[in-house]
Amino acid sequence: MACIPVVTLCDIRITLWFGDALTRLQAREGPEFLEQLVGLILLIAAVQGIFRFLQRWWIVGVSRRFEIELKQELFDKLCGLPLDFHDKSRSGDIVSRLTADVENVRMLLGPGSMYVLSALVFVPGSLFVLWRISPVVTLAMALPLLGVALAMGFLTPRLHSRSTAVQESLAEISHRALESFSGARVVKGYGLERHESRRFEDASRQNREAQIHFSKARGLMHAAIHLAYDLAFLPVLFVGGWAMIDRSIAVGDLFKFIDLGFKVFWPVIALGWIGGLYPRALASAERIQALLSETSHIQDPPDPVPLDAEGIEGELSLSNVSYRYPGAPGPAVEGVHARVPAKSVLGIVGPTGSGKTTLLNLLGRLCDPNGEVRLDGIPPRQLSLATLRGALAYVPQDSFLFSDTYRANIEFGAEEELTDERLAEFIQAAEMTAETAQFRGGLDQLIGERGVTLSGGQRQRSCIARALARDPKVLILDDALSAVDTETEAQLLQNLRRAGEGRTVVIAAHRLGTVKDADQIIALKNGRVDAQGTHEELLERSDWYRETWDRQRMQKELEDL
Amino acid sequence: MRAPEKNARPTEELDEDADVVATKAWDWAVLRRLMRYARPHLRMFGSSFAVLIALFGVQLCGPWILHNAIDGPVTRALEASEAVDDGSVDVQPFLRELGFWAAGYLGLILVGALLRYKEVSQLARTGQFVIHDLRSHLFAHIERLELAFFDENPTGSLVTRVAGDIENLNELFTSGLVVLLFDLVKVLVVLGLLFWVSPELALLVALLTPVLIGVSIVFRGGARRAHRRVRAQLARLNGYLQEVLSGMRVVQIFRREERVSSRFGERLRAYLKSNFRTIFLFALFYPIISWVTLVIQASILWRGGGALYAGTLTFGDFILFWFWLQLFVAPIRELGERYNVLQSAFASAERIFDILDKQPAIAPPARPTPLPDPFRGHVRFENVTFRYGDGEPVVRNVDFEIPPKKTVALVGATGAGKSTLVSLLLRYYDPSEGRVTIDGVDLRETTLASYRRGLGVVLQEDFLFTGSVRDNLVLGRDWVSDGSLVQALKASAAGEFVERLEHGLETEVAERGATLSTGERELVAIARALAGNPRLVILDEATSSVDSATEARIEAATHRLLQERSALVVAHRLSTVRRADRILVMHRGELRESGTHEELLNHGGIYARLHAMQFRDLDGKDDPTG
Ligand SMILES: Nc1ncnc2c1ncn2[C@@H]1O[C@H](COP(=O)(O)OP(=O)(O)OP(=O)(O)O)[C@@H](O)[C@H]1O
Ligand SMILES: Nc1ncnc2c1ncn2[C@@H]1O[C@H](COP(=O)(O)OP(=O)(O)OP(=O)(O)O)[C@@H](O)[C@H]1O
Ligand SMILES: [Mg+2]
């Protein structure tokens, strides 16, 4: 920090030396003093150089540190935001906030603040020095600088709104690209390359127009600032010339005006540059702020019961649970009551879109329902997320894996690193042993983004292995056998039954065979409980259940014909 | 533990070597390529250049006016007053002359302001036009690349190229290239003017300038490498961010926020470290340049002071020289900043050209055989073997055909290679051996557009785009009519749930269809496949997440629709494939059995076993054999 005044004051001092030298020359003092003076100037300048290095190193370094801290904070924020936020936001837009917007703010804070700070020292410092030479000229010189402030005040709102448009069109570009690339299979399958390119071109063109529009406002700002600056030389020329004719100032003094004017030039131009930067940074800061001020309604309670996941038995109870997605016309789940004793099995069935996944999400508190979901009788406002989620393991319906090694993906579930034997055990339970043995890199094989190098069934089974690696009290399976063949399915079911011993298992499925042995089954219909009970009871109570059961049996008989 | 051999190797895993040898290309090569994009906009570049020249003129004139004022009226007034001892000289004429110069100066700076405005807006405009072209070109090129490219490159990093890297290049065009070229002109012109004012001092300047340039050159090498690393790290960072965003559900439910956050932190720190290298370089660069500049100025004072004293140089000349010297040094001093911008932009340009240099591996031949529209849909796999990359074959010697208007089903254990066959049929990849033909034409011989146009595809992991449900069904295919939409919605059973949606077909769908249930997404995908009136329908596990009542209805409806078309259906649930004209059983990459449902049951092989398994639970028996 202290570097900035040192650097600036050195700058002013050097100019004064130069000016005094000219005055002495004009007074026809011999040129001998010059050598000594030049030596002194170079020495001081070398010292100044060291400070200049420190100044830059320090300020730009700080701004980079700030950048990563901000990025980290945004990242952590995103990790804490609930699913309904992520469902509705576009990742391209978010990525753009973490890149383009953060960069804009950083530019203001780093290089921007460096120039502002040095301008803050330089401008008053120079004016003070010049004032002592000639107050009139100084005053006349300083007036146009006020114009800079005026221009900035006038133009900033315009720059601001235009740069918001630029940032938004940039986000649209990221979004388009991201979506098109992640949907590459569909794009190619339908030969949509041209279509996508055209849409992208539109987004890009929009950005171009927004940028051009913005640059016009920036141009005005630029012109205003340069004009103000150039105007400052007018009094130097006229009044200064007059004063010289009057002999009230010497040529060296005029030089000081000119040279300091020149040096003031940099900070002032920089201010102009910041004048352009500032609204941009402001627009970006607003977008960042909007993200940071998103609140998560899913928070740890203020004083949770002190209990870690180990102490959980696994009893679940749902009382009058309803959930409605934000913006949805009706609830996706409504009025569900259930008690799932510890270590028992709950099956959830129902037609497509009946709310099975939603209900399972509520168990892990991925969304907060009306009504209450209790674990071991503890209501959510007393249960910390760490305890709740620590006790759960979840196999999502769409098998998501990370582009990491196979091992890392399984260990993702576990609290600590797994020994090779344990790992092999889970892989075996998920019926993946034979296939992982085929991997060229063994378990350290990289599996590509979302696990693209695995088959659909392999991905799904890997998700099961990941969940088992967690050694959970409550195991949640969302249609987790949909992508495997019947033989593997039968085998997996058997393994799961074994693995499920001593745990509470909640399993959603379309094939009734999967849930028929459950201690309790809930049949959902349009988000409401259609019927609830054991397999036999449901056959009695629910038409839908009976029909589906019959259909699945009938198909068999039909085929056996 | 064996070292991981990387099959799908994320290209962003940068080992330092790969990074450094990325290109040996000298700036000019990159620059020349960039210039190609500038060529269509030469006129704009021309007018930018004109603005810069005019502005330069204004900049030169300012000091000249000052010089004339000092050496003119001011000096003459001083001389006149010295001549008259009592100093009572009439200064009016001198002041009037001074006023004249001041007015000239005022006019000049007004013109200057106008030019400044133009400078910014015109340069930005030029740059934006080039950038837009380049960006669209890059995107279209990526779209043309084969699927394996997308498997290998993290999406986030590709996005960074079309967004971040291109944005970075923008700087090159708006504040880099033109200005840089122009700076060169400026330096030369001003040097000439300096010689005109004072040859002796100018010679001094000319002798010292190479030091300045030398310093820049020394820094260049380091800066370029450092920037390259920064850009690559940034892409990696964004890739990770994007990945975590798409897996947020898993991250949260497994309570791995801290773990992913610390991994993100690691990447951030790696990025910061690379950044510090560039910061250090430039923190060093600027002070050195400033100091050398001061050496030049000081020596001017030293030699010039002597000349002033000796009277061989006027004060006006000295001040003019000083002013112009600033104009001379400024571009050289700014060379540092421009270099920073330029190096960063070059690093980005390299990453962009790196992609543009990739030729699509799956492209039509020079003289393709176009398929008739509509084609008949006779598919043949002739002895097809396929391996991903250079791995083991995943599919071996597969040989089968789908006659026109017939439905062929593909069943088999998970990982047997069914989806791979689908990928081959879609020509996501080309077979390693053997060939796939449609109506007797090798897929490699025809154009992708004429082929894929006739397809209706449901992939195992299908994908919905943001936009309305209708957009997702139509997918920009102008031949999808409202009539065929209605029919497709009905056949896929998507109609009912779409009706229940608040805005029906116009309901907005979130990214990847996140606001629909998995089953609903499948229904939309099926409707989409049927809507285009395809000749060849490919359904890979299209109803795996749909309840059996709906599934049965879809099966009945599509059965009717498929009478008219060829179809390849992959399914684990045998009930969906029972009615196929032919069922193929895959096992470990090979075709093991083939026949109708009855034939295969009677055969008593893999199919019969799978079949028995499927219904075991429903019967309550443990080992029934059909
Ligand atoms: N992009 C890829 N790179 C490398 N290997 C791959 C890739 N895609 C698939 N494989 C491997 O090829 C094999 C066959 O996969 P494929 O997806 O064809 O199986 P599938 O029969 O469709 O299985 P499922 O029924 O589980 O979907 C698997 O072992 C898989 O790991
Ligand atoms: N994020 C969301 N925003 C708005 N609506 C949603 C969201 N996710 C699901 N829905 C709607 O809520 C209802 C229930 O969805 P859910 O995913 O729970 O169904 P499901 O029973 O799991 O279906 P499937 O068998 O297809 O998996 C559906 O109608 C769906 O469209
Ligand atoms: Mg679901």
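Within region A:245-263, identify whether any single residue is open to solvent by less than 20 Å² (accessible area, probe 1.4 Å) and under 30 Å from A:Leu178 (Cβ atoms), and answer yes or no. Within region A:245-263, not a single residue is open to solvent by less than 20 Å² (accessible area, probe 1.4 Å) and under 30 Å from A:Leu178 (Cβ atoms).
Of all residues in region A:50-80, those satisfying the criterion of being within 11 Å of the chain's Cα centre (by Cα) and among the aliphatic types (A, V, I, L, M) are A:Leu70, A:Leu74, A:Leu78. Say whether the condition of being within 16 Å of ligand 3 (Cβ to nearest atom) and assigned by TED's automatic domain parsing to the domain that holds A:Glu415 is met by at least one residue in region A:367-383. Scanning region A:367-383, I find at least one residue that is within 16 Å of ligand 3 (Cβ to nearest atom) and assigned by TED's automatic domain parsing to the domain that holds A:Glu415, so the answer is yes. Among the residues that make up region B:326-339, is at least one of them of a type in the set (Asp, Glu) and under 29 Å from A:Val6 (Cβ atoms)? Looking through region B:326-339, at least one residue is of a type in the set (Asp, Glu) and under 29 Å from A:Val6 (Cβ atoms).
The number of residues in region B:340-379 being among the hydroxyl-bearing types (Ser, Thr, Tyr) and either open to solvent by 10 Å² or more (accessible area, probe 1.4 Å) or more than 30 Å from the chain's Cα centre (by Cα) (or both) comes to 2.
Okay, residues lined up against (1) within 30 Å of B:Ser423 (Cβ to Cβ); (2) in contact with a Phe, Trp or Tyr (Cβ under 8 Å, 6 or more places away or on another chain):
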{"position": "B:Leu108", "(1), (2)": "no, no"}
{"position": "B:Leu114", "(1), (2)": "no, no"}
{"position": "B:Glu119", "(1), (2)": "no, no"}
{"position": "B:Arg125", "(1), (2)": "no, no"}
{"position": "B:Val159", "(1), (2)": "yes, yes"}
{"position": "B:Leu169", "(1), (2)": "no, no"}
{"position": "B:Phe182", "(1), (2)": "no, yes"}
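Answer with yes or no whether B:Thr518 is open to solvent by 10 Å² or more (accessible area, probe 1.4 Å), within 16 Å of ligand 3 (Cβ to nearest atom) and either under 24 Å from B:Ser575 (Cα atoms) or more than 11 Å from every other protein chain (Cβ to nearest Cβ) (or both). So B:Thr518 passes the test. Counting only strands (runs of 3 or more DSSP E) that fall entirely inside region A:324-417 and contain at least 2 residues that are within 16 Å of ligand 2 (Cβ to nearest atom) and not aromatic (Phe, Trp, Tyr), the qualifying elements are A:333-340, A:345-349, A:370-375. Considering region A:67-91, the residues that are facing another protein chain (nearest Cβ under 7 Å) and among the small types (Gly, Ala, Ser) include one that is surrounded by the fewest Cβ atoms within 10 Å (Cβ to Cβ), namely A:Gly80.
Checking each residue in region A:449-463 for being closer than 11 Å to A:Phe400 by Cα and within 7 Å of another protein chain (Cβ to nearest Cβ) picks out A:Glu449, A:Val452, A:Gly456. On the stretch given as region A:316-361, residues that are touching a Pro at 6+ places or on another chain (Cβ under 7 Å) and open to solvent by 10 Å² or more (accessible area, probe 1.4 Å) total 3. One residue alone among B:Gly222, B:Gly214, B:Gly164 is surrounded by fewer than 21 Cβ atoms within 10 Å (Cβ to Cβ) and either under 30 Å from B:Leu313 (Cα atoms) or within 30 Å of the chain's Cα centre (by Cα) (or both), and that residue is B:Gly222. Annotation for region A:205-212: no member residue is open to solvent by 10 Å² or more (accessible area, probe 1.4 Å), aliphatic (A, V, I, L, M), under 26 Å from A:Trp273 (Cα atoms) and touching a residue at least 60 places away in the same chain (Cβ under 8 Å). Taking strands (runs of 3 or more DSSP E) as the structural unit, those lying wholly within region B:407-501 and holding at least 1 residues that are within 30 Å of A:Met432 (Cα to Cα) and of a type in the set (D, E, K, R) correspond to B:433-438. Select from region A:464-489 the residues that are away from ligand 3 (no atom under 14 Å from the Cβ) and closer than 25 Å to A:Leu316 by Cα and list them in ascending order. If the condition is that a residue be away from ligand 3 (no atom under 14 Å from the Cβ) and closer than 25 Å to A:Leu316 by Cα, then A:Ile464, A:Ala465, A:Arg466, A:Ala467, A:Leu468, A:Ala469, A:Arg470, A:Asp471, A:Pro472, A:Lys473, A:Val474, A:Leu475 are the ones that fit.
Taking the criterion of being open to solvent by less than 10 Å² (accessible area, probe 1.4 Å) and within 16 Å of ligand 3 (Cβ to nearest atom), the residues of region A:384-398 that qualify are A:Tyr394, A:Val395, A:Pro396.
I want to confirm something. Restricting to region A:339-353 and keeping residues that are more than 14 Å from every other protein chain (Cβ to nearest Cβ) and in contact with a helix residue (DSSP H, G or I) (Cβ under 9 Å, 6 or more places away or on another chain), which single residue is nearest to ligand 3 (Cβ to nearest atom)? Within region A:339-353, the match that is nearest to ligand 3 (Cβ to nearest atom) is A:Leu346.
Which number in (1) open to solvent by 20 Å² or more (accessible area, probe 1.4 Å); (2) at the interface with chain B (Cβ under 8 Å from one of its Cβ atoms) marks the one condition that A:Gly502 misses? Failing condition for A:Gly502: (2).
Determine if region A:103-121 includes at least one residue that is surrounded by fewer than 22 Cβ atoms within 10 Å (Cβ to Cβ) and under 14 Å from the mean Cα position of the chain (by Cα). Within region A:103-121, one or more residues are surrounded by fewer than 22 Cβ atoms within 10 Å (Cβ to Cβ) and under 14 Å from the mean Cα position of the chain (by Cα). Which one of these does A:Ala232 not meet: (1) among the aliphatic types (A, V, I, L, M); (2) more than 7 Å from chain B (Cβ to nearest Cβ); (3) closer than 20 Å to B:Val474 by Cβ? Evaluating A:Ala232 over (1) among the aliphatic types (A, V, I, L, M); (2) more than 7 Å from chain B (Cβ to nearest Cβ); (3) closer than 20 Å to B:Val474 by Cβ leaves (3) as the failure. Among the residues of region B:105-116, how many are open to solvent by 30 Å² or more (accessible area, probe 1.4 Å) and either within 10 Å of A:Leu234 (Cα to Cα) or not in a helix (DSSP H, G or I) (or both)? Summing the residues that are open to solvent by 30 Å² or more (accessible area, probe 1.4 Å) and either within 10 Å of A:Leu234 (Cα to Cα) or not in a helix (DSSP H, G or I) (or both) in region B:105-116 gives 1. Within region B:521-545, the set of residues being within 16 Å of ligand 1 (Cβ to nearest atom), among the hydrophobic types (A, V, I, L, M, F, W, C) and within 11 Å of chain A (Cβ to nearest Cβ) comprises B:Ala525, B:Ile538.
A:Thr23 falls short of the stated requirement of being within 30 Å of B:Phe323 (Cβ to Cβ) and open to solvent by less than 20 Å² (accessible area, probe 1.4 Å).
Every residue, every condition in (1) under 30 Å from B:Arg500 (Cβ atoms); (2) polar (S, T, N, Q); (3) under 27 Å from the mean Cα position of the chain (by Cα); (4) more than 14 Å from chain B (Cβ to nearest Cβ), yes or no:
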position	(1), (2), (3), (4)
A:Pro326	yes, no, yes, no
A:Gly330	yes, no, no, no
A:Gly355	yes, no, no, no
A:Thr358	yes, yes, yes, no
A:Ile378	no, no, no, yes
A:Thr387	no, yes, yes, no
A:Tyr406	no, no, yes, no
A:Asn409	no, yes, yes, no
A:Ala414	no, no, yes, no
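The condition (being more than 8 Å from chain B (Cβ to nearest Cβ) and closer than 29 Å to A:Phe181 by Cα) is satisfied by just one residue among A:Leu481, A:Leu468, A:Leu446, A:Leu475: A:Leu481. Can B:Ala140 be described as more than 30 Å from B:Phe323 (Cβ to Cβ) and free of Cβ contacts under 8 Å to residues at least 24 places away in the same chain? For B:Ala140, the condition - more than 30 Å from B:Phe323 (Cβ to Cβ) and free of Cβ contacts under 8 Å to residues at least 24 places away in the same chain - is met. For region B:236-294, a tally of residues being of a type in the set (A, V, I, L, M, F, W, C), within 7 Å of chain A (Cβ to nearest Cβ) and under 23 Å from A:Leu392 (Cα atoms) returns 7.
The values are calculated or read from the model by the stated rules, or taken from the named source; none is laboratory data. Just so we're clear, the structure is a prediction, and the values are computed from it rather than from any experiment. Positions of Cβ are generated from backbone atoms using ideal geometry, with glycine treated the same way; all protein chains shown enter the neighbour counts. These area figures cover heavy atoms from the full protein model, side chains too; ligands, DNA and RNA do not enter into them. Shrake-Rupley method; radii C 1.70, N 1.55, O 1.52, S 1.80 Å.
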